[in-house]
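**Student:** First the structure, then my questions, so here it is.
The values are calculated or read from the model by the stated rules, or taken from the named source; none is laboratory data. Remember, it's a predicted structure, so these values are computed and weren't measured experimentally. Cβ coordinates were reconstructed from backbone atoms using ideal geometry, including for glycine residues, and neighbour counts include every protein chain displayed.
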Amino acid sequence: MSKDIEYTRITLRIPTLLHGKLSDEAAIASRSMNAEIVSRITSSFSVAEQGNQYSLTVPEDLLPILAQEIADRMKLDPPPEAPTERELET
C-alpha cells in the first residue's frame, strides 16, 4: 500500500455469488480482493466523472442475444457508399 494515501477500513457484506466472481477476477488479474474491489469502484467513478450518460450494464446472459441482434442489424444496413470524385470536388 502506498503511504501517501490514507485508507479507511470497512466491513463489507456482499452476496456469496458476487464474492466468488470478485475472487475469480482478482485471481485472473493477479491482485488481492481488496485491490480488485478498489479498482472496480474507482473505475465506476471515472466513467461518471466523464459524464457518460449513455452507459449501460447488460446482464451476462443477455450479451450473446444482444451481440447477435447487433450483428443482424449490421447485415441489414448496407455500408455507406464512398463518395465519388465528383462529390469530393464540390
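**Student:** Suppose the filter is at pLDDT below 70 and in a loop (DSSP other than H, G, I, E, B); does residue 12 pass it? Write out each step before concluding.
**Tutor:** Working: at pLDDT below 70: no; in a loop (DSSP other than H, G, I, E, B): yes.
Criteria not met by residue 12.
Yes or no, residue by residue, for (1) at positive phi; (2) at pLDDT 70 or above; (3) over 19 Å from the mean Cα position of the chain (by Cα); (4) surrounded by 10 or more Cβ atoms within 10 Å (Cβ to Cβ):
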residue	(1), (2), (3), (4)
3	no, no, yes, no
6	no, yes, yes, no
16	no, yes, yes, no
27	no, yes, no, yes
31	no, yes, no, yes
37	no, yes, no, yes
48	no, no, no, yes
61	no, yes, no, no
84	no, no, yes, no
